[in-house]
Amino acid sequence: MIRFSVLDLVPVVEGGSVSDALAKAASFAAHAESLGFHRYWVAEHHGMPGIASAATSVVLAHIGHATSTIRIGAGGIMLPNHAPLLIAEQFGTLAALFPGRVDLGLGRAPGSDQRVAQAMRRTLSGAPDEFPRDVMELQAYFAGDQRLGFQATPGAGETVPLWILGSSLYGAQLAAALGLPYAFASHFAPGALNEAIAIYRRDFRPSAQLERPYVMAGFNIFAADTMDEARLLATSMQQAFVRLRTGQPGKLQPPVPGYLESLPPGAQAMLSDVLSATSIGDQAKVGRDMARFIEHTGVDELIIGGQIYDFEARKRSLEIAMAAAKAIAG
């Protein structure tokens, strides 16, 4: 049976603060847990005024204490930014705090621009090309591999399922070779989704962690009780993408009536492309769109994103999404 999960970018809204965003993340995670979602992930981004999850493991500790049963994890940690030992220690600590609940999704992008990446790494020796080696090193720390000559403490012996994230064919190939579950970033980069899933399933090699291929895909939902309200809610994220693409990232803006229609054709086409794995509407519309996406991709799990300015509207959108998901699951 397909699983449904939540991706939270911990948005900082216009007029709000990082403290507000973090408090809402804990409340939103508890809400997702009460609705029956399977896991709750946050993502590592840096140098972005509108995203408060840069210190991802710290945010996960905050969310873990606000919940009790839902799986929590990173979707993901951008491993080239970090020494694998550091991540083993951080997520080993999380696994000790929240046994049986912690996931670790790994990506090879910086989660920032090159200036921020340079400031974070000090040197760029942690290059994306070294990503496969870093993943295997991280596996060795969790396994307590004696060849390392020392143990990651915390970390060694902890069961922290690793995932490979991606928006291209590279991640699919690596996840297949290592026998790890694969999460595709179709919520903002859907272009290679079908080919990546096909390659992953074709080339998958069973591992100690996973016997069969397992695919999760991102899907944005802006749900409301009326179609007009849903369309209005979606304009905040539409503004965020336009600002990001024009080099003007900022806090999440309030919705603007008629925003999409006011854009030039090029900007409209860009949004249609990057947000093609998106549903905007009432429960019936969201249910149809989710069912179509699941049938088309055959994914094992759908992770739901979608940045909404008003917190109560965001919670309501999640409620409608779960109602639609339950109808799909039968």
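May I ask you to verify whether I63 is closer than 22 Å to L22 by Cα, open to solvent by less than 10 Å² (accessible area, probe 1.4 Å) and part of a helix (DSSP H, G or I)? The answer is yes for I63. Residues in segment 40-60 that are open to solvent by 10 Å² or more (accessible area, probe 1.4 Å), assigned to a loop (DSSP other than H, G, I, E, B) and at negative phi: H45, H46, M48, P49, A52, A54, A55. I'd like the full set of residues that are in a loop (DSSP other than H, G, I, E, B), free of Cβ contacts under 8 Å to residues at least 24 places away in the same chain and farther than 19 Å from Q209 by Cα, limited to segment 132-161. Of everything in segment 132-161, those that are in a loop (DSSP other than H, G, I, E, B), free of Cβ contacts under 8 Å to residues at least 24 places away in the same chain and farther than 19 Å from Q209 by Cα turn out to be G149, F150, Q151. Across segment 270-279, the number of residues qualifying as open to solvent by 60 Å² or more (accessible area, probe 1.4 Å) and over 14 Å from H187 (Cβ atoms) comes to 1. Residues of segment 176-212 that are of a type outside the set (A, V, I, L, M, F, W, C) and open to solvent by less than 50 Å² (accessible area, probe 1.4 Å): G179, P181, Y182, S186, H187, P190, Y200, S207.
Considered as a group, the residues in segment 295-314 that are over 20 Å from the mean Cα position of the chain (by Cα) and of a type in the set (D, E, K, R) include one that is most open to solvent (accessible area, probe 1.4 Å), and that residue is E295. Can you name the residue in segment 280-294 that is assigned to a helix (DSSP H, G or I) and among the small types (G, A, S) and is also surrounded by the fewest Cβ atoms within 10 Å (Cβ to Cβ) among such residues? Among those that are assigned to a helix (DSSP H, G or I) and among the small types (G, A, S), it is A284. Six or more apart or on different chains, Cβ under 7 Å: which pairs go from a residue in segment 53-70 that's closer than 15 Å to H38 by Cα to one that's among the charged types (D, E, K, R) and open to solvent by 30 Å² or more (accessible area, probe 1.4 Å)? Could you list them? What qualifies is T67/E33; T69/E33; I70/E33. Going by the conditions given, is L165 assigned to a helix (DSSP H, G or I) and not charged (D, E, K, R)? Answer is no for this residue.
Just one of the listed residues (P264, P255, P249) is open to solvent by 40 Å² or more (accessible area, probe 1.4 Å), at pLDDT 95 or above and closer than 21 Å to V13 by Cβ, and it is P255. Checking each residue in segment 1-39 for being open to solvent by less than 20 Å² (accessible area, probe 1.4 Å), in contact (Cβ under 8 Å) with a residue 60 or more places away in the chain and part of a loop (DSSP other than H, G, I, E, B) picks out V12, G16, F37.
Is at least one residue of segment 315-325 over 27 Å from A25 (Cα atoms) and open to solvent by 20 Å² or more (accessible area, probe 1.4 Å)? So far as segment 315-325 goes, no, none of its residues is over 27 Å from A25 (Cα atoms) and open to solvent by 20 Å² or more (accessible area, probe 1.4 Å).
The values are calculated or read from the model by the stated rules, or taken from the named source; none is laboratory data. Since this is a predicted model, take the numbers as computed values, not measurements. Glycine also receives a Cβ, built like all others from the backbone with ideal geometry; neighbour counts cover every protein chain displayed. Ligands, DNA and RNA are excluded from the accessible area calculation, which covers all protein heavy atoms including side chains. Shrake-Rupley method; radii C 1.70, N 1.55, O 1.52, S 1.80 Å.
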